[in-house]
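Enquirer: For reference, the structure I am asking about is given below.
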Amino acid sequence: MKYVDYERPTSLKSALDILSEKGDVTKIMAGGTDILVKLRVRSEQPDLLMDSKEIPELNELSFNHDTGLTIGAAVPLYKLYADADVKKYYPALVDSTTIIGGIPIQGRATVGGNLCNSAPSADSIPTLIVLGATASIQSSGKLREVPVSEFCTGPGSNVLKSNEMLVTINVPAPADNSAAHYMRFIPRNEMDIAVVGVGSYVKLNASGDKFESVNVSLASVAPTPLNVTEISKFLSGKDVNDENIEKAGQLAKEASKPISDMRGTAEYRQHLCSVLTKRSINKSIERIKGA
Amino acid sequence: MTNIKEPKKYEVIGTRPLRPDGTDKVTGRAIYGGDFEMTGLIHGKILRSPHPHARIKSINYDKALELEGVIAVVTADDLPVNPDGNISIGYSRGNILAKDKVLYVGHAIAGVAAIDPHIAEEALDLIEVDYELLSAVMNVEEAMDSSSEIIHENSFMKEFGEMTVTNNNIDEHFQHKMGNIDKGFENADLIVEGKYSTVMVHQGYIEPQAATALWRTDGSLTVWNSTQGSFPDRDELSNILDIPISKIKVVPLEIGGGFGGKIPIYQEPVAALLSKKAGNPVKIIMSRKEVFESTGPTPGGYTWVKIGVKNDGKITAMQSELAFEAGAYPGSPVGMGSLCVFAAYKCDNQLVDGYDVIVNKPKTAAYRAPGSPNAAFGTEQVIDEISQKLGIDPIDFRMMNAISEGDRRVDGPKFPVNGLKQVLESMKNSPQYQKKLKGSNKGRGIAVGYWFNVGLQSSCSITVNTDGTVNLIEGSTDIGGSRASIAMQAAETLQIPYDSVNPSIVDTNTVGYTAVTGGSRTTFSTGYAAHLAAEDVRDQMIKRASEMWGVPNDSVVYSKGQFSSDADPELSMSFKELASQLENTGGSIAGKGSINPKKVGGSFAGSICDLEIDPDTGKSTILDFTAIQDAGKAIHPSYVEGQMQGGSAQGIGWALNEEYFYDQNGIMNNSSLLDYRMPTSLDLPDINTIIVEVPDPTHPYGVRGVGEANIVPPIPAIANAMKRASGKRFYNLPMNPPAVISKLNQDL
Amino acid sequence: MSKKVHVQTIINGEDVEFLCEPRQSLLECLRDVIGMTGTKEGCNDGNCGACTVILEGRTVTSCLVLGVEVDGKELTTIEGIADGEKLHPIQTAFLENAALQCGICTPGFIIATKSLLDHNPDPSEYEIRWWLANNLCRCTGYDKIVRAVQESAKKIKAQAGG
Ligand SMILES: Cc1cc2nc3c(=O)[nH]c(=O)nc-3n(C[C@H](O)[C@H](O)[C@H](O)COP(=O)(O)OP(=O)(O)OC[C@H]3O[C@@H](n4cnc5c(N)ncnc54)[C@H](O)[C@@H]3O)c2cc1C
Ligand code: FES
Ligand code: FES
């Protein structure tokens, strides 16, 4: 690892000042579970590492029935998945965050870091996308909101400018008759990176026999987390039955653009898209019915 | 659960005492290779090749030397020249620091020593190497093709023991023959054959290689490292650095796993050369990436097997061809693989061909029963296929053809007493096998495997303390509780409590030659040496008692920890009492034992695996697993079980997910513990163990080394279970989810 | 050129001060700067758990924490588990169950077990395997480690009860 300076600002303002002054040679560190590895293999070589964990705004974790959930960019996963409101209203976030790394990784890693690292395999991003989450991004004097579905622009790249930082992720309040779910496939049972991941969000009609809307987002099958809009188009208004869900799986498979690598062949990944999409949609439906 | 039927006849052997080094290891006090500290210590890093095959046109390290904090740089030019052209020393040196060519990604090129490891690492970037790229040869099929790029331009193939004039990538082709193979196949009612391929995998020890070297101005060299064998390291350092063994001391520190991979040395000579230039002790710890790319994994390659049987189940002919990757330098375990391939089965007509093949990958090293798993992946599947075709229970079929004492192995020697049949019987009677496996997509597979006990030299000495305890001095590094199992044998022989034996593992100047902790030999050979040293102590104590009592030496007997004399029933003294009087009766007593046993037996192991395949994702889940092994005599049953469970876990990982995943450019893509995917605690079931005890008559306590054979059967047992779960036969490793899905979709 | 930072922390209940470069991991600081080598390195990138320590009540892999980050924080390492010469029940259970072979993974497992049992005194076998999945052991196949953790839970409960 190259020599690097370290700062730990305790206010958002001083953090943003640092970024406006030397954002191009600075990297932000939340849990550090991605960035420290990158520094070590020297795929990133910033002059300054700015620790974001002491910034109060980035540690917010709050829920409100009208406005939904606010996740500060530095909130560690273990806090998130242990939160009573998150457990109750956003089980899909629990699905995602309890499988990132293992217990010691979850003691440090953040959803903010997962999002800003922008890996195609990131386990929380598909869930955030299907839940309709937005990212609050701040630079000195400017705040902007970007839908998470538009946040990533390529493997490891995103819409953030060098003077900006992610402050919070905002997830809308859950609607009635709706639920979401995330699952991934890995060859091991823990400590592995998604070969394919699927987040699904399903909203049914009041009687529970028709889809009102369905969002499906896939991990590890394209340069960015993939939002499969074809599925929502197809399923909206349709009956809840195996045939339609089967077709949704097929659509996910067709939308995917995977590559072959050490985690799986393109062909295999496409196959999994369909298998996991069906399973995940069914799990979301089960969650609605179980509630 | 362990089930040992034999009545207990020992006091210490067979019990489960705490290990002597245990407290230090659970408190963090034990000093492993990387923990070593010394005044003046500086840190080394190694520059490694990014290319699988290239000529080194030039190396320039001037800029590296200019970096503040850098103290020394070494390259192959700092190694002794090789005037007599000894090929094997040339290869050894070549693997330490590449001279004219780099032969694999990760091949060491230069070493840098600096005041801290970060500066040493930065200096690596400042070394300029000019390469001429050559095309890389990445697997045995490619390498055996005569049009492939030749890796060692000046070496020639050995065939049937003779040097030929053929310059290719085959280092050696050999053959073992017995009976008449053609006739054997003619007599068969059924012939099954198949070509089974495996890929390179790593031992995966958790502690990366770590070594510190100090080359003093008087020309003496001391190395502190984590190693499976300090004496072989000393010999190798002497060869590579061309200094006499008398100038070298190797001090073995605690070792964090080896499985064969810490038999060779890698960075020790580099640290030594850096220390010579710098004048300071130099410590080099490998990164995990270096461990994968630059140490010795076990080879991939293929095992082709053809077996003929009569309808009644009797095997009439067995033929095999094995070709294994040696890596960049000769020496794959194909020799051992070819001796194991049919070890379990009796048959008069056998033919085995082996090829040791050079490829642009790291030089392979031993890994738990080296070569045997690759071979068994073929044989045990063909055997399974035959038993399915004949409708005979797979255990019964193996029992019908199992070798017995006196049967010949393909290379000639007769099998000594062995426990194969008892292992098979225990498998059959095991709770798991007795239970029916129900449900779709589930299958049960079984397999057996063999590995030798290599014998080799061991030495121990024992000194008696006045309080009745003894110090046991040994040279075998303790990777899995061997201090305990060796001390237990000494205690048994001395008829004193286990707690009274204090073992120490010492450096190469302090005990007699002791070969590696490996080859399933430590509990056997070093235990044997400890027994001999204990006998020596006992005999000297008897003599001392006879002198003290003034009775004839041969009237003194030692039984149940008491010395007594036939000459006078009043005379009696405990070991402790006699020990307390040594000072005034002639001084202290030290016993010694050294051995180099030949004709040592081996160990058979079996696995039973129940698994379930998810037909949608191709993922296999192991539902139940039993490991069975002949331990001869289990000295410390817990550590025997531990070996069986650990070997099974490694076999399961090898079967299902582990592999060196190379891209088209000959670069390993998964050189991290995240992407290499060894089993985690969540990937394995409870591993049941059944210890079988058929004593090896060549050992005083009947010990058979159990370190290795246990990794052999899990792999084919899993393949056989997958066949029974899916109806498909798996010819390639790993049998990972993508492979399963593509197999299930075949012939749909 | 490199600058060193002053760090003040509490390790195993004792005040510790040290100087380090920001690029030095907590693992490196423990081992090379402070000289506490009980915490081990197996991968240096979060994948093996050999370097596990407890930081502010949570298990973390110390190779993925910077030394500078622990300024003002509290740490527990393997050196702080025993009570003087008296082993912690987890340590005893690991020894009695032969849950270590080479022992390089053991400090990490003991720390992870401590934190598991602090959070969940009565874990199921699945919960044990889940919690420990970030800790690799290549020697044991985990069977005896799981037994040792189960034993530890029993011992701790018995101690608390008695
Ligand atoms: C052993 C191991 C296992 C893992 N397993 C998984 C897994 O299963 N699934 C998975 O998805 N990931 C996995 N990861 C990756 C990683 O843990 C996750 O991506 C994690 O969520 C990253 O969070 P962090 O807080 O540690 O990020 P950091 O490393 O702190 O940051 C990640 C990136 O985000 C940037 N960043 C952080 N905060 C901000 C901010 N406020 N504003 C702008 N940019 C910011 C950083 O500069 C950096 O580029 C694993 C990592 C390891 C080491
Ligand atoms: S050394 Fe930190 S997790 Fe492996
Ligand atoms: S005991 Fe060796 S790695 Fe666990």
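The values are calculated or read from the model by the stated rules, or taken from the named source; none is laboratory data. What you see is a predicted model, and the numbers here were worked out from it, not measured in a lab. Every residue, glycine as well, gets a Cβ built from its backbone with ideal geometry; the counts of neighbours run over all protein chains shown. SASA here: full protein model, heavy atoms, side chains in, ligands and nucleic acids out. Shrake-Rupley method; radii C 1.70, N 1.55, O 1.52, S 1.80 Å.
Enquirer: What pairs come up if the first residue lies in the range A:123-137 and is of a type outside the set (Gly, Ala, Ser), the second is within 16 Å of ligand 2 (Cβ to nearest atom), and their beta carbons are under 8 Å apart, counting only those six or more places apart or on different chains?
Expert: That search, which allows pairs on different chains as well, returns A:123/A:100.
Enquirer: Within the range C:63-102, which residues are in a loop (DSSP other than H, G, I, E, B) and within 16 Å of ligand 1 (Cβ to nearest atom)?
Expert: C:65
Enquirer: Filter the range A:11-32 down to the residues that are within 14 Å of chain C (Cβ to nearest Cβ) and open to solvent by less than 30 Å² (accessible area, probe 1.4 Å) and list them by number.
Expert: Selection gives A:26, A:29, A:30, A:31, A:32.
Enquirer: Right, something else. Quick check on my filter: what residues within the range C:139-157 are of a type outside the set (Val, Ile, Thr), within 11 Å of ligand 3 (Cβ to nearest atom) and away from chain A (no Cβ under 14 Å)?
Expert: Once the filter is applied, which keeps residues that are of a type outside the set (Val, Ile, Thr), within 11 Å of ligand 3 (Cβ to nearest atom) and away from chain A (no Cβ under 14 Å), the range C:139-157 yields C:139, C:141, C:144.
Enquirer: Could you list, in sequence order, all residues of the range A:144-165 that are part of a loop (DSSP other than H, G, I, E, B) and more than 12 Å from ligand 1 (Cβ to nearest atom)?
Expert: A:155
Enquirer: Take the residues in the range C:15-44 that are closer than 18 Å to residue C:111 by Cβ and away from ligand 2 (no atom under 16 Å from the Cβ); name whichever of them is least open to solvent (accessible area, probe 1.4 Å).
Expert: Within the range C:15-44, the match that is least open to solvent (accessible area, probe 1.4 Å) is C:16.
Enquirer: Just to verify a result, which residue in the range A:25-53, among those that are touching a residue at least 40 places away in the same chain (Cβ under 8 Å) and of a type in the set (S, T, N, Q), is nearest to ligand 3 (Cβ to nearest atom)?
Expert: By that ranking, first place goes to A:33.
Enquirer: Does residue B:351 meet the test of being outside any loop (DSSP other than H, G, I, E, B) and in contact (Cβ under 8 Å) with a residue 60 or more places away in the chain?
Expert: Yes; evaluated as a whole, the condition is true for this residue.
Enquirer: Could you tell me which of the residues A:182, A:89 is in contact with a Pro (Cβ under 8 Å, 6 or more places away or on another chain), buried (at least 24 other Cβ atoms within 10 Å of the Cβ) and more than 30 Å from residue A:21 (Cα to Cα)?
Expert: Checking each option against the conditions leaves just A:182.
Enquirer: Here's a follow-up. Does the range B:36-52 contain at least one residue that is closer than 17 Å to residue C:102 by Cβ and either open to solvent by 50 Å² or more (accessible area, probe 1.4 Å) or within 14 Å of chain C (Cβ to nearest Cβ) (or both)?
Expert: Taking every residue of the range B:36-52 in turn, at least one turns out to be closer than 17 Å to residue C:102 by Cβ and either open to solvent by 50 Å² or more (accessible area, probe 1.4 Å) or within 14 Å of chain C (Cβ to nearest Cβ) (or both).
Enquirer: Just checking: which of the strands (runs of 3 or more DSSP E) contained wholly in the range B:543-612 hold 1 or more residues that are aromatic (Phe, Trp, Tyr)?
Expert: Those strands (runs of 3 or more DSSP E) span B:556-559, B:562-565.
Enquirer: Is it the case, given these coordinates, that residue C:98 is within 15 Å of ligand 3 (Cβ to nearest atom) and of a type outside the set (Asp, Glu)?
Expert: yes
Enquirer: From C:141, C:49, C:103, C:67, which residue is buried (at least 23 other Cβ atoms within 10 Å of the Cβ), within 30 Å of residue B:226 (Cβ to Cβ) and either of a type in the set (Asp, Glu) or more than 16 Å from ligand 2 (Cβ to nearest atom) (or both)?
Expert: C:141
Enquirer: Looking at (1) more than 14 Å from chain B (Cβ to nearest Cβ); (2) within 16 Å of ligand 1 (Cβ to nearest atom); (3) not hydrophobic (A, V, I, L, M, F, W, C), which one does residue A:220 not meet, given that it meets all the others?
Expert: Failed condition: (1).
Enquirer: Need pairs with beta-carbon distance below 7 Å; first residue assigned by TED's automatic domain parsing to the domain that holds residue C:109 and within the range C:79-98, second modelled with pLDDT under 95 and open to solvent by less than 40 Å² (accessible area, probe 1.4 Å); sequence gap 6+ or separate chains.
Expert: Listed by first residue and then by second, the contacts come to C:98/B:481.
Enquirer: So which of A:59, A:114 ends up being polar (S, T, N, Q) and crowded, with 24+ Cβ neighbours inside 10 Å?
Expert: A:114
Enquirer: Pairs, please: C-beta under 9 Å, at least 6 apart or cross-chain, first residue open to solvent by 40 Å² or more (accessible area, probe 1.4 Å) and in the range A:206-222, second of a type in the set (Asp, Glu) and outside any strand (DSSP E or B)?
Expert: A:206/A:176
Enquirer: Among the numbered criteria (1) closer than 30 Å to residue B:208 by Cβ; (2) polar (S, T, N, Q); (3) without any contact (Cβ under 8 Å) to a residue 24 or more places away in the chain; (4) more than 8 Å from every other protein chain (Cβ to nearest Cβ), which single criterion is violated by residue B:746?
Expert: (1)
Enquirer: Here is a list: B:570, B:535. Which entry is free of Cβ contacts under 8 Å to residues at least 24 places away in the same chain and either open to solvent by 40 Å² or more (accessible area, probe 1.4 Å) or within 13 Å of residue B:462 (Cβ to Cβ) (or both)?
Expert: B:570
Enquirer: Within the range C:112-136, work out how many residues are open to solvent by less than 10 Å² (accessible area, probe 1.4 Å) and either at the interface with chain A (Cβ under 9 Å from one of its Cβ atoms) or part of a loop (DSSP other than H, G, I, E, B) (or both).
Expert: Residues in the range C:112-136 being open to solvent by less than 10 Å² (accessible area, probe 1.4 Å) and either at the interface with chain A (Cβ under 9 Å from one of its Cβ atoms) or part of a loop (DSSP other than H, G, I, E, B) (or both): 8 in total.
Enquirer: Go through the range B:672-689 and give me each residue that's within 22 Å of the chain's Cα centre (by Cα) and assigned to a strand (DSSP E or B).
Expert: Of everything in the range B:672-689, those that are within 22 Å of the chain's Cα centre (by Cα) and assigned to a strand (DSSP E or B) turn out to be B:687, B:689.
Enquirer: For residue A:43, state whether it is exposed (fewer than 15 other Cβ atoms within 10 Å of the Cβ) and under 17 Å from residue A:112 (Cα atoms).
Expert: For residue A:43, the condition - exposed (fewer than 15 other Cβ atoms within 10 Å of the Cβ) and under 17 Å from residue A:112 (Cα atoms) - is not met.
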